[in-house]
Amino acid sequence: MARTRVAVVGVGALGAHHSRVYAELPEAELVSVVDIDQERLPPLSERYQCEAFPRYEDILDTVDAISLAVPTRHHASIGVEFLKRGVHVLVEKPIAPSVEDATALIQAQEESGAILQVGHSERFNPAFLAIREHITQPRFFEAHRLGVFVPRSLDVDVVLDLMIHDLDLILHLVDSPICEIRAVGIPVITPKTDIANARLEFENGCVANVTASRVSREKIRKLRFFQPHDYVSVDFQEQEVEMVSLRQEQHPPRIAEFNPEISSEEPLKLELQAFLASINNEKPLSPHPVVCSGREGKRALELALEIKKTIERKQKV
């Protein structure tokens with residue numbers, strides 16, 4: 001098996017996990033870790049027997065692919081440099097802080113032909129994968145993504161930090177344009193919005209009510225939705241699914257519960273495996289085409305930014 005030479009650029013809390021998973025995958029060779037905070041490098045370099053560099057410029061021509069887990073404001077400036085050289089890039093969500101930066105990444109990817117994947121890892125959550133093939137025409141979503149405050153990802157607000165996960169999933173499942181956005185949010189601990197709620201209405205009549213908070217007392221990651229004859233609840237945190245359906249083919253019709261088999265795989269592992277499979281032109285390792293392209297990442301970003309604008313207008317009133 002040809003091993004893809006990979007590096008992780010930005011080895012904070014999330015980048016360290018990327019490094020761990022790459023080191024465990026037989027199809028990858030973790031050759032280097034990069035971070036401007038040089039105190040982070042020695043433990044990872046020693047543990048995974050790879051090189052360590054303080055500057056991403058030092059590895060531009062030495063790897064086949066990278067995971068980019070630096071602060072969002074640096075995604076485009078660094079990602080474009082690698083893509084221009086034909087290096088495949090998995091960039092953590094959100095794809096960028098602005099539509100212009102996202103467009104620059106996509107343009108560099110299209111010109112080079114390299115792979116650009118956006119790290120919306122909930123697409124790879126085993127609970128979501130277990131129910132994906134049973135999703136038909138969702139008509140109403142209720143999403144709650146709540147977390148305790150941690151001093152990371154504070155360069156973006158809660159919409160770009162947490163809510164964007166659910167926005168990506170909803171856009172992935174609803175094949176219709178959005179016709180109305182209502183949103184409210186407030187800063188609590190940071191100068192940026194820390195808790196937010198958005199109500200989205202699609203042209204096909206689907207409605208999504210999405211709440212995100214990074215100042216809660218417990219961690220909740222749930223997406224509930226209704227579709228004709230079905231109620232589905234996906235718990236991303238506990239990796240559990242509940243589906244209740246009306247069985248009309250039976251006489252008389254009856255209510256039945258469906259509990260799909262859920263694997264115990266780590267979402268990040270499935271995400272990185274799919275990234276590597278795409279690089280090698282192999283069939284994705286997950287049973288569904290869940291890789292998030294640059295254009296899909298940009299679409300989620302555009303919606304998140306519209307929600308931010310709506311919130312900011314209300315905060316000025």
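The values are calculated or read from the model by the stated rules, or taken from the named source; none is laboratory data. Source: prediction; values computed, not measured. Cβ atoms come from the backbone with ideal geometry, glycine included; neighbour counts cover every protein chain shown.
Can you tell me which residue in the range 169-208 is nearest to ASP235 (Cα to Cα), limited to those that are touching a Cys at 6+ places or on another chain (Cβ under 6 Å) and among the charged types (D, E, K, R)?
GLU201
Yes or no: SER216 at pLDDT below 95 and assigned to a loop (DSSP other than H, G, I, E, B)? Walk me through how you get there before you give the answer.
Numbers: at pLDDT below 95: yes; assigned to a loop (DSSP other than H, G, I, E, B): yes.
It is true that SER216 is at pLDDT below 95 and assigned to a loop (DSSP other than H, G, I, E, B).
Given the conditions (1) within 30 Å of HIS229 (Cβ to Cβ); (2) at pLDDT 95 or above, which single one is not true for THR136?
So the condition that THR136 fails would be (2).
Please specify each residue of the range 170-209 satisfying the condition of being of a type in the set (Gly, Ala, Ser) and either surrounded by fewer than 19 Cβ atoms within 10 Å (Cβ to Cβ) or not assigned by TED's automatic domain parsing to the domain that holds ILE131 (or both). Steps first, please.
Our first condition is that a residue be of a type in the set (Gly, Ala, Ser); within the range 170-209, this holds for 176, 183, 185, 196, 198, 205, 208.
SER176, GLY205, listed by residue number.
Which condition breaks for HIS134 when tested against (1) outside any helix (DSSP H, G or I); (2) touching a Phe, Trp or Tyr at 6+ places or on another chain (Cβ under 6 Å)?
Condition not satisfied by HIS134: (2).
At pLDDT 95 or above, buried (at least 22 other Cβ atoms within 10 Å of the Cβ) and touching a Cys at 6+ places or on another chain (Cβ under 7 Å): is that true of GLN117 in this structure?
yes
Say whether the condition of being surrounded by fewer than 22 Cβ atoms within 10 Å (Cβ to Cβ), within 26 Å of ARG73 (Cβ to Cβ) and out of contact with any strand residue (DSSP E or B) (no Cβ under 7 Å at 6 or more places or on another chain) is met by at least one residue in the range 133-146.
Checked the range 133-146: no residue is surrounded by fewer than 22 Cβ atoms within 10 Å (Cβ to Cβ), within 26 Å of ARG73 (Cβ to Cβ) and out of contact with any strand residue (DSSP E or B) (no Cβ under 7 Å at 6 or more places or on another chain).
Scan the range 137-157 for residues that are assigned to a loop (DSSP other than H, G, I, E, B) and touching a helix residue (DSSP H, G or I) at 6+ places or on another chain (Cβ under 9 Å) and report the count.
Total meeting the criteria: 9.
Quick one: in the range 66-83, of everything that is out of contact with any strand residue (DSSP E or B) (no Cβ under 6 Å at 6 or more places or on another chain) and among the polar types (S, T, N, Q), which residue is farthest from LEU162 (Cα to Cα)?
That would be SER77.
Looking at the range 52-69 only, could you name the residues that are at pLDDT 95 or above, among the charged types (D, E, K, R) and within 17 Å of ARG3 (Cα to Cα)?
ASP64
Among the numbered conditions (1) at pLDDT 95 or above; (2) within 22 Å of ASN125 (Cα to Cα), tell me where VAL207 comes up short.
(2)
Which condition does GLU302 not pass, out of (1) charged (D, E, K, R); (2) modelled with pLDDT of 95 or more; (3) assigned by TED's automatic domain parsing to the domain that holds PRO94, if it passes all the others?
Of the numbered conditions (1) charged (D, E, K, R); (2) modelled with pLDDT of 95 or more; (3) assigned by TED's automatic domain parsing to the domain that holds PRO94, the odd one out for GLU302 is (3).
I'd like to check something: does the range 191-204 contain any residue that is in contact with a Phe, Trp or Tyr (Cβ under 9 Å, 6 or more places away or on another chain), of a type in the set (Val, Ile, Thr) and in contact (Cβ under 8 Å) with a residue 12 or more places away in the chain?
At the first step, the residues of the range 191-204 found to be in contact with a Phe, Trp or Tyr (Cβ under 9 Å, 6 or more places away or on another chain) are 194, 200.
Restricting the remaining residues to those that are of a type in the set (Val, Ile, Thr) gives none.
Checked the range 191-204: no residue is in contact with a Phe, Trp or Tyr (Cβ under 9 Å, 6 or more places away or on another chain), of a type in the set (Val, Ile, Thr) and in contact (Cβ under 8 Å) with a residue 12 or more places away in the chain.
Are there any pairs with C-beta distances below 8 angstrom linking a residue in the range 134-159 that is closer than 23 Å to VAL174 by Cα to a residue that is assigned to a loop (DSSP other than H, G, I, E, B) and modelled with pLDDT under 90, with the two at least 6 apart or on different chains, and if so which?
Qualifying pairs under 8 Å: HIS134/PRO260.
For the range 83-133, enumerate the residues that are closer than 14 Å to LEU68 by Cα and without any contact (Cβ under 8 Å) to a residue 60 or more places away in the chain.
LEU83, VAL87, VAL89 - these are the residues of the range 83-133 that are closer than 14 Å to LEU68 by Cα and without any contact (Cβ under 8 Å) to a residue 60 or more places away in the chain.
Can you give me the ranges of the strands (runs of 3 or more DSSP E) entirely in the range 18-82 with at least 1 residues that are crowded, with 20+ Cβ neighbours inside 10 Å, in contact (Cβ under 8 Å) with a residue 60 or more places away in the chain and touching a Phe, Trp or Tyr at 6+ places or on another chain (Cβ under 9 Å)?
Values: elements: 28-34, 51-53, 65-68.
Passing ranges, in order: 28-34, 65-68.
Looking only at the range 158-171, decide whether some residue is of a type in the set (A, V, I, L, M), under 19 Å from the mean Cα position of the chain (by Cα) and assigned to a loop (DSSP other than H, G, I, E, B). Working first, answer last.
Pass one, the range 158-171, residues of a type in the set (A, V, I, L, M): 158-160, 162-164, 167, 169-171.
Applying the additional criterion that residues be under 19 Å from the mean Cα position of the chain (by Cα) yields 158-160, 162-164, 167, 169-171.
Among the residues that remain, those that are also assigned to a loop (DSSP other than H, G, I, E, B) are: none.
Within the range 158-171, not a single residue is of a type in the set (A, V, I, L, M), under 19 Å from the mean Cα position of the chain (by Cα) and assigned to a loop (DSSP other than H, G, I, E, B).
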